[in-house]
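Q: Pasting in a structure now, in structure tokens, and then I'll have a few things to ask.
Here, each number is a calculation from the coordinates, and none is a lab measurement. All figures in this text were calculated on a predicted structure; none of them were measured in a lab. Counting neighbours? That spans all protein chains shown, and the Cβs are built from the backbone with ideal geometry, glycine included.
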Amino acid sequence: MLNRSLSERAGMFVFNPHPSYNDDDMKIVTEIAELRVARNALAGSVGLVPTMGYLHAGHLSLVEHAKVENDHVIATIYVNPTQFEPDADLDSYPRDLERDFALLRDAGVDIVWTPNDAVMYPEGFQTWVDVTDISQPLEGGHRPGHFKGVTTIVTKLFNATTPDRAYFGQKDAQQVAVIKRMVRDLNMPLAVIACPLVRDTDGVALSSRNAYLTPEQRTAAPILGHSLCSAIDKLANGERDANALRTHMLTTLASEPLTNTEYVSVSHPDTLQELETVTDAALLSMAVRIGKTRLIDNMVWRAEH
Ligand code: PAF
């Protein structure tokens, strides 16, 4: 029990499940005041990797990018309740803080901030950040209020950690587009860096939610990547009719009996507007349920000039 042994070593008791301590130069903090002290002690540039924990290789690739481009890296772990729909998987969302801390320590992170609800949503909370239009389609259409929760919490994470750069995975393509829009609109003084989606050896996009899949469901999951790849092949072979691409992805997904498709989309990668005809670039994206687990995936196609 890493947490317990560290807290015991630091002379603390286990009543506080996430005590602040400094081990191998990685600080773990909960309170904003502690974070600010630790943040202000960092000289040079800071890269931020916001996460909801239960880390996988996709998160660690964000840390790697942040390490290369900055003098210091701050990671945050917070399962943000306001980005979950009321009947969604907030309570069952996978958590393993001690494993996460060990992975982040090995990856060379300087500070891990694990705020709690009292820190992030103080009593009487009523201030929201809402990126109106680009939050509406795709995920926004199926998860009402989701992006308002994301942009509000990400603003709070930015405000508290004041990073030079913040790193997000391209797996959540709409999240990246929404956050980039927010940063531009609110003149936030940082760069948003989108890092490539990381796939498992069988092509399944890494996600903390993959942990929910039964072995049988897990063998069905590569169909998302297959349907995207074969639509990209069609584009490479000259197909430009977005509806033909949507139909092709739907048909491929339907060939796997365990899938229940929520949407497939062929949209503009920046505006997320659905396309009729693909010209220079397209974001191919989808949300598919396998059993109770909702998986998302995407690929971006760009014309070679
Ligand atoms: O991508 C995520 O894990 C979350 O949406 C984020 C950016 C950490 C905000 O809660």
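Q: When ranked by the protection proxy of mean other Cβ atoms within 10 Å per residue, highest first, what sequence do the peptides 252-263, 144-155 form?
A: So the order, starting with the most tightly packed, is 144-155, 252-263.
Q: What value does the range 149-205 have for Rg/Rh, both radii from Cα atoms and Rh as Kirkwood defines it?
A: Reported Rg/Rh (Cα atoms, Kirkwood Rh): 1.04.
Q: In addition: Explain nothing, just compute: Karplus ³J(HN,Hα) = 6.51 cos²θ - 1.76 cosθ + 1.60, θ = phi - 60°, for every residue of the range 55-70 in order, whole Hz, x for Gly and Pro.
A: For the range 55-70, the Karplus curve yields 5, 9, 4, x, 4, 5, 5, 5, 4, 4, 4, 5, 4, 5, 9, 9 Hz.
Q: What FRET efficiency would be calculated for the residue pair ASN243, ARG209, taking the C-beta separation as r and a Förster radius of 30 Å, to the nearest 0.05?
A: 0.55
Q: If you don't mind, another one. Indicate, rounded to the nearest 5 percent, the antiparallel portion of the DSSP beta bridges found entirely in the chain.
A: 55
Q: Mean shadow of the range 83-202, computed from the convex hull of its alpha carbons, in nm²?
A: For the Cα atoms of the range 83-202, the hull's average projected area reads 9.3 nm².
Q: So what is the relative contact order for the chain, in percent, with contacts set as C-alpha pairs under 8 Å and at least six apart?
A: Relative contact order of the chain: 15 percent.
Q: Where a ≥ b ≥ c are the square roots of the eigenvalues of the C-alpha gyration tensor, would you call the range 101-143 rounded, which needs a/c under 1.5, or, failing that, prolate if a/b is larger than b/c, or oblate?
A: Note, shape of the range 101-143 comes out oblate.
Q: May I pose another question? Where the eigenvalues come from the Cα gyration tensor of the range 30-75, what are the semi-axes √(5λ) of the equivalent ellipsoid, largest first, in whole Å?
A: 20, 15, 5
Q: Using the number of other C-beta atoms within 10 angstrom as an exposure proxy, rank LYS180, LYS27 with the fewest first.
A: Placing the least packed residue first, the sequence is LYS180, LYS27.
Q: Something else now. Considering all alpha-carbon pairs of the chain, what whole percent are spaced by more than 37 angstrom?
A: 18
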